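Undergrad: Questions regarding the structure given below will be posed in turn.
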Amino acid sequence: MTRALRALFRRTGGPEVIEWEEADVPPPGPGEATVRHEAVGVNFIDTYHRTGLYPVPLPSGIGSEAAGVVEAVGEGVGHVRVGDRVAYGMGPLGAYATRRTMPATPLCPLPEGVGAEEAAAVMLKGLTVQYLFRRTTPIARGDAVLFHAAAGGVGLIACQWARSEGIRLIATAGSDAKCALALENGAAEAINSRERDVVAEVRRLTGGRGVPVVMDGVGRDTFEASLDCLAPLGMMISFGNASGPVPPVDVLGLMRRGSLKLTRPTLATHAAEPGGLAAMAGELFGKMRRGEVRARVERRLPLREAAEAHRALQARETVGSTVLIP
């Protein structure tokens, strides 16, 4: 039986609650595979689990995105084999580890030319962008979309995706440098949200009408302004809580703003559909192979420095993606 270094937390709280332990890695049972990680992705949802915003049974592993090599497979596993390069962006928590045994279903074989670091940086974020643009509400070429925190890991992929689809993405970011980065990656316009009135700017850029779709992963700090940026019958997609959870919603407020629509989608729901994950990953990898989507890995830290990665992410000091190297 092999051994692994893995992270866990026994209580919720700040980055300091992350602990490390050496543990045995059990052989895979039916429907499982053992994966040796080469790179591990860091995402805001990891901080939600750690803080208790998204409660999980304790003690718990942490992390849901990584890339590596299959070392063993259990009975009934046919879509991956020993020696395959794979990546995943969902499944049971526990990606912050040198290796693990896990359900094989979320594992996606990596195409030639996609490296482990790139895959670990793009799987959860890229699959999120796929369902935002392709599965949540109809978005046509030429449509305008407002995307908050567009210089982050999800945001930069969203900028590239929008450019590849001919969608006009209006980005918000917290500095001129971050706005420039969003524009470089495909945003049509960018608004410095710390210096400009986002609602007024969006109205100006859309001739007073507003946008048909807002994609908001920030949460509490941007939610009300996001609604005010929507055109009548517009769709508000709330997909994250970087600034904290959104307070209870005044449904009549949606009516007064023009019969707005509101949804809170998750990757797990979309990927649970028969063939959903394979189709989503296939489209993402296709865009990566064509050079339409590239992961921007800005920080590489040793696996044991996961707490520092969390601190920087929550302080909004990061752009692009952070990966941990086992």
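Undergrad: Using a Cα-Cα cut-off of under 28 Å, which lysines could be cross-linked to residue 287, ignoring same-chain neighbours fewer than 8 residues away?
TA: 125, 178
Undergrad: Pull up all non-local amide H partners of residue 39: gap of 5 or more, or a different chain, and H-to-H distance under 5 Å with H placed in the peptide plane.
TA: Placed amide hydrogens put 67 under 5 Å from residue 39.
Undergrad: With n ≥ 4 as the cut-off for DSSP H runs, can you work out [θ] at 222 nm for the chain, using -39500 (n - 2.57) per run divided by the number of residues, rounded to the nearest 500?
TA: Result for the chain, helices only: -8500 deg cm²/dmol.
Undergrad: Would you mind counting up the charge near residue 265? Only other residues with Cβ under 15 Å from its Cβ, with Lys and Arg at +1 and Asp and Glu at -1. Could you put the intermediate results ahead of the total?
TA: On the way: positive: 125, 134, 135, 261, 264; negative: 216, 273.
Residues near residue 265 contribute +3 overall.
Undergrad: Taking H placed 1.01 Å from N in the peptide plane, check which residues at least 5 places from residue 2 or on another chain put their amide H under 5 Å from its amide H.
TA: Amide H to amide H, under 5 Å and 5 or more residues apart or across chains, residue 2 pairs with 25.
Undergrad: While we're looking at this one, here's another question. Could you go through the stretch 85-100 in sequence order and give the Karplus-derived ³J(HN,Hα) for each residue, using 6.51 cos²θ - 1.76 cosθ + 1.60 with θ = phi - 60°, rounded to whole Hz, and x for Gly and Pro?
TA: 7, 9, 8, 8, x, 7, x, x, 4, x, 5, 6, 7, 6, 7, 7
Undergrad: Within the stretch 1-100, which GluC sites (Glu not before Pro) sit in a loop by DSSP and count at most 10 neighbouring Cβ atoms inside 10 Å? Intermediate results must be reported in sequence, preceding the final value.
TA: On the way: sites: 16, 19, 21, 22, 32, 38, 65, 71, 75; in loops: 65, 75.
Taking the stretch 1-100 and a limit of 10 other Cβ atoms within 10 Å, the loop GluC sites (Glu not before Pro) found are 75.
Undergrad: Please compute the net charge surrounding residue 21, taking Lys and Arg as +1 and Asp and Glu as -1 over other residues with Cβ under 14 Å from its Cβ. Could you put the intermediate results ahead of the total?
TA: Working: positive: 3, 6, 10, 99, 100, 304; negative: 19, 22, 24.
In short, +3.
Undergrad: Still on this structure, I have one more. Net charge around residue 292, counting only other residues with Cβ within less than 11 Å of its Cβ (Lys, Arg = +1; Asp, Glu = -1)? Kindly include the intermediate steps, with their values, before the conclusion.
TA: Values: positive: 163, 287, 289, 290, 294; negative: 165, 283.
Around residue 292, the surrounding residues sum to +3.
Undergrad: Sort all Cα-Cα distances of the stretch 136-264 into consecutive 10 angstrom bins from zero, then give the percent of pairs in each bin up to the one containing the longest distance.
TA: Reading the bins upward from 0: 14, 48, 33, 4.
Undergrad: Right, here's the next one. With a Förster radius of 25 Å, plug the Cβ-Cβ distance of residue 311 and residue 268 into 1/(1 + (r/R0)^6) and report the FRET value to the nearest 0.05.
TA: Values: r = 27 Å, r/R0 = 1.07.
FRET efficiency, residue 311 to residue 268: 0.40.
Undergrad: Just name one of 18, 42, 137: the one whose Cα is farthest towards the positive end of the charge dipole of the chain (beta-carbon charges, Lys/Arg +1, Asp/Glu -1).
TA: 137
Undergrad: Taking amide H positions as placed 1.01 Å from N in the peptide plane, with prolines and chain starts having none, which residues 5 or more places from residue 221, or on another chain, fall under 5 Å of its amide H?
TA: 243
Undergrad: Consider a paramagnetic label point 7 Å from the Cα of residue 164 along Cα→Cβ; state which residues of the stretch 85-123 have an amide N under 11 Å from it.
TA: none
Undergrad: Sticking with this one: Which trypsin sites (Lys or Arg not before Pro) in the stretch 256-309 sit in a loop by DSSP (not H, G, I, E or B) and have at most 11 other Cβ atoms within 10 Å of their own Cβ? Before the final figure, lay out each step's value.
TA: Details: sites: 256, 257, 261, 287, 289, 290, 294, 296, 299, 300, 304; in loops: 257, 290, 294, 296.
Listed in order of number, the matching sites are 290.
Undergrad: Specify which residue in the list 286, 310, 162 is farthest towards the positive end of the charge dipole of the chain, using unit charges on the beta carbon of Lys, Arg (+1) and Asp, Glu (-1), about the Cα centre.
TA: Going by the Cα projections, it comes out as 162.
Undergrad: What is the distance, in nm, between label points placed 7 Å from the Cα along the Cα-to-Cβ direction at residue 140 and at residue 23?
TA: Modelled inter-label distance: 5.1 nm.
Undergrad: Show me, for the stretch 109-119, the HN-Hα J-couplings you get by feeding each phi into the Karplus relation (A = 6.51, B = -1.76, C = 1.60, θ = phi - 60°), rounded to Hz, glycine and proline as x.
TA: Each residue's phi maps through the Karplus curve to give x, 8, x, 4, x, 9, x, 5, 5, 4, 5 Hz.
Undergrad: Still on this structure: HN-Hα J couplings of the stretch 143-158 from phi, Karplus 6.51/-1.76/1.60, θ = phi - 60°, integer Hz, Gly and Pro as x?
TA: Karplus values, whole Hz, x for Gly and Pro: 5, 9, 10, 8, 10, 7, 6, 6, 9, x, x, 5, x, 5, 5, 4.
Since every read-out is calculated from the coordinates, none of them should be taken as a lab result. This one's a predicted model, so the numbers in the text were calculated from it and none came from an experiment. Methodologically, a virtual Cβ is constructed for each residue, glycine included, from the backbone with ideal geometry; neighbour enumeration extends over all protein chains shown.
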